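FYI, it's all coordinate maths here, none of it is from the lab. In this text the structure is predicted, and so the values were computed from the model without any measurement. Glycine also receives a Cβ, built like all others from the backbone with ideal geometry; neighbour counts cover every protein chain displayed.
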Amino acid sequence: MPKTQTSAASKARKKPAWIPKKLGGEYPQLTSLNKTLQDPRTGKFYIYGGLAPGDTRNLPKPDFYVCDTKDMKFTDLTDSLTYTPRSVLGSELRVKKRLPALLGAGISLMEVGSCSLIFLFGGHNADEDNKPSSTLIAIDPERKEWWIVEFEDEFPSPVPRINPVLVAANQKLYIFGGIKQFEANWAHHKTYSIVDVELPLAGPNRWKWAALDIPYPRIVKNQIFGYALSVHDGMMILLLPGRKTRKAKLDFQFKTMFYFLPSSNNFFLMGKPKGYKALSDCVHWYGARNFDPLSVLLCAWIPHSRGYLVPELWQYSIFPDNKVVCLGVGQKVFDLDIDLRHFTVVGDKMFLMGQTNEDNKDDYPGTMCDTYVEVSMASLL
């Protein structure tokens, strides 16, 4: 019997090749509580800050690394950055200066014309006053410069906070929640704020707060958000669960996930998705990335049956499809015997990064991000 098109296509689809490979360039440390983001336009992956392995002082690092996923090489930008002492892109008043060492800052990326800007907001500032910050920092990674965003005088500063959620949509920055201090019982801010990004960037213009510390409405008054993604071309913001206390697990149930509508500043519950039971209620940490116009990928580190934490992957088809599918990669990752900590997606490729469990590391001693696994998403879906 001749092969049908269906059977031929089925055999042509190869199983994912889970092959560990060495990263190139300058390896970053595998810090905890770091912040990462992906530039979908350039395919570059950024890592900022965090706590160094074994640092009992809990002092955050100002490290700023970029990995170009075209050649999988890391570059250390920490000491290459320059500070512009006013909100003028390309100013001559530039001095070599590291980013502030902020623990728990919100991070987001916005495309402005042909430029990708990275923003940091809040966090615990260990460099200056050793307390929570309410500063908004803008970074141009291509020009290797950063500056503190200035606001018009009539606007007061927002309440300082740690662990806010920061997300960009339609030339605005949205800030959700955050905590007041790193204490045993976290006191959460139940508010949101909105920043109008003033264009052009090259000029002495000051930005505006379109909304400042607006209390959450009743529907989300008890919710803690930890991650946000702009979806449907900025018409909606997907809000994902955050940690209620320092030691609390993250509960990925449908009652903890919401949408925010920028057009009306309203929240609404995601609703019970098809396959919601596939979501885990014992997530230790996670990352999320836009995959295609109609879905996002959630990569969550959950306990394996052998007691270790392994990343598992879910595809969530956003509103109106509202469907969750577990892609079942946890066992494959466990079998690799690699400590993978970072996750990102570029086009049809998923990348997991971390460190092999080798005892001897002559070139880069310590806990370094030196290994990655690349998997075609087409092989998983």
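How large is Rg/Rh for the chain, to two decimals, with Cα atoms and a Kirkwood Rh? Intermediate values should be presented prior to the final figure.
Working: Rg = 21.0 Å, Rh = 21.8 Å.
For the chain, the value is 0.96.
Normalised by the number of residues in the chain, the mean separation of alpha-carbon contacts (under 8 Å, six or more apart) gives a relative contact order of 12 percent. Using the Cβ-Cβ distance between Thr78 and Arg206 with R0 set to 45 Å, the FRET efficiency from 1/(1 + (r/R0)^6) comes to roughly 0.95.
Amide H contacts for Ile224 (H built 1.01 Å from N in the peptide plane; partners 5 or more residues away or on another chain; cut-off under 5 Å): Gly242. The base-10 log of I(q)/I(0) for the range 66-207, evaluated at q = 0.20, 0.21 Å⁻¹, reads -1.34, -1.43 [Debye formula, identical scatterers on Cα atoms, solvent excluded].
Charging the Cβ of each Asp and Glu at -1 and of each Lys and Arg at +1, and nothing else, the dipole of the chain about its Cα centre rounds to 1400 debye.
If you take the alpha carbon radius of gyration of the range 43-89 and divide it by 2.2 N^0.38 Å, what ratio comes out, to two decimals? Write out the running numbers ahead of the final one.
Values: Rg = 13.7 Å, N = 47, 2.2 N^0.38 = 9.5 Å.
Rg over 2.2 N^0.38 Å, computed on Cα atoms: 1.45.
Please give the calculated 222 nm ellipticity per residue for the chain, where each DSSP H segment of at least 4 residues contributes -39500 (n - 2.57) and the sum is spread over every residue; nearest 500 deg cm²/dmol?
Details: 2 runs with 15 residues, N = 381.
For the chain, the value works out to -1000 deg cm²/dmol.
Amide H to amide H, with H built 1.01 Å from N, Gly25 comes under 5 Å of Phe74, counting only residues 5 or more places away or on other chains.
In the chain, taking the dipole from charged Cβ atoms about the Cα centre, the farthest positive-side position among Leu99, Pro262, Trp147 is held by Pro262.
Work out how much length Asp71 to Ser264 would gain on full extension: take 0.36 nm times their residue separation and subtract the Cα-Cα distance, in nm to one decimal.
Details: separation 193, 0.36 × 193 = 69.48 nm, distance 4.23 nm.
Gain on extension, Asp71 to Ser264, equals 65.2 nm.
Can you give the local net charge around Met270? Use residues other than it whose beta-carbon is closer than 13 angstrom to its beta-carbon, Lys and Arg +1, Asp and Glu -1.
Working: positive: Lys255, Lys272, Lys274, Lys323; negative: Asp321.
So the environment of Met270 carries a net charge of +3.
Sorting the segments 101-111, 137-147, 20-30 by their residues' average number of neighbouring beta-carbon atoms within 10 angstrom, most packed first, yields 101-111, 137-147, 20-30.
From the alpha carbon centroid of the range 110-188 to that of the range 16-53 is 21 Å. For trypsin sites (Lys or Arg not before Pro), the sites in the range 288-362 that DSSP calls loop and that have at most 12 other Cβ atoms within 10 Å are Arg306. Model label points for Leu93 and Asp335, set 7 angstrom from Cα along the Cα-to-Cβ axis, are 6.0 nm apart.
Summarising the amide proton neighbourhood of Leu309: residues at separation of 5 or more, or on other chains, whose placed amide H is nearer than 5 Å comprise His304.
About the centre of its Cα atoms, the range 182-315 shows a dipole size close to 540 debye [charges on the beta carbon of Lys, Arg (+1) and Asp, Glu (-1) only; nearest 20 debye]. With a cut-off of 12 Å on the backbone N, the residues of the range 207-248 near the modelled label site 7 Å out from Asn170 along Cα-Cβ are 231-237. Phi angles across the range 342-348 convert, under the Karplus curve 6.51 cos²θ - 1.76 cosθ + 1.60 with θ = phi - 60°, into 3J(HN,Hα) values of 10, 9, 7, 9, 10, x, 9 Hz, Gly and Pro given as x.
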